[in-house]
1. Nearest 500 deg cm²/dmol is fine: what mean residue ellipticity at 222 nm does the chain get from its DSSP H runs of n ≥ 4 alone, each adding -39,500 (n - 2.57), divided by its residue count?
2. Based on Cα coordinates alone, diagonalise the gyration tensor for the chain, multiply each eigenvalue by 5, take square roots, and list the semi-axes in whole Å, largest first.
3. What three numbers, in Å, describe the spread of the alpha carbons of segment 1-130 along their principal axes, ordered from the longest?
4. Where in segment 40-103 are there GluC sites (Glu not before Pro) that are in a DSSP coil and have at most 13 other Cβ atoms within 10 angstrom of their Cβ?
5. Filter the trypsin sites (Lys or Arg not before Pro) in segment 102-204 down to the DSSP loop ones having no more than 11 other Cβ atoms within 10 Å, then list what survives.
6. State, to one decimal in nm, how far the label point of Gln35 lies from the label point of Leu114, with both points 7 Å from Cα in the Cβ direction.
7. With every atom except the alpha carbons ignored, what do you get for Rg and Dmax of segment 135-227, in angstroms?
8. Within the chain, what is the longest stretch that has no chymotrypsin sites (Phe, Trp or Tyr not before Pro) placed in a DSSP loop and near at most 14 other beta-carbon atoms within 10 Å?
Amino acid sequence: MALDAIQHINLTGKTMIFFGTRGKTVSGQVIEGTQCPNCENQQFITFGIIRYFHLYWIPTFPTSKTVGIECTHCKRTLVDNELPPELAKQIKKTVFNKKNVIPMFSGLIIIACLILYGVYAAQQYDIQEAVYIEQPAVNDLYIVNFTKIFTDVDPKYKYGLMRIKQISADQAEFQVSKIAYNKISGVRKDIRERKTSSDSYYDSEPLYIDIGKLKSMKDTGAIYSIDRI
């Protein structure tokens, strides 16, 4: 493998994460018995304001809950400390019920489901890769760390690809990519775009590896992952 012929590609990029806090007003019911300090009306509509943390605009968890009442006549509002403590407590019970509060945790529920799915998928992928290691096949694609396979490799550009060209009884013949990336995402993008299906993507000099050695290469991180197309 002519290591000095490897093309080095540096990948850069930023991921924008949208998060912050927002508020939602929840309407309650009509109550009587409290006098409006502005117009002396005794009929009010209760309401609550839930402020919540959001991730990509998906409510994740509540950060504060405020209750209040609005005069049906002059629209004067009384909030939290302006209300009698017992009244504020009653309004909280009726306004902040499960129906109104649980959706504020939808982001956490989604995150928990994604984590569980990710754990399951990772376990299944590990099982699948173990099969690929034990039973390699022609055209299997190995994302590899060049620094753990070759000497005199630029450690900044260490991720590349190897494809199985032929298999004998105990040995696999690999084609080695001419391109090395500073990030694994560069190799994965080439696979998605099917650039790796062309022989021109690889160096002309093959690399021979004993099949029995593949597992130890995976364990040491020389082989990062395996794709079977």
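Just so it is clear, none of the values below were taken in a lab; they were calculated from the coordinates. This one's a predicted model, so the numbers in the text were calculated from it and none came from an experiment. Cβ placement follows ideal geometry from the backbone for every residue including glycine, while neighbour counts extend to all protein chains displayed.
1. -8000 deg cm²/dmol
2. Working from the Cα gyration tensor, I get semi-axes of 66, 18, 12 Å.
3. 90, 32, 20
4. Qualifying residues, ordered by number: Glu40.
5. Those that pass, being in a loop and sparsely packed, are Lys156, Arg194.
6. 5.5 nm
7. In order Rg, Dmax, the Cα atoms of segment 135-227 give 12.2, 36 Å.
8. Result, exposed sites excluded: 58-229.
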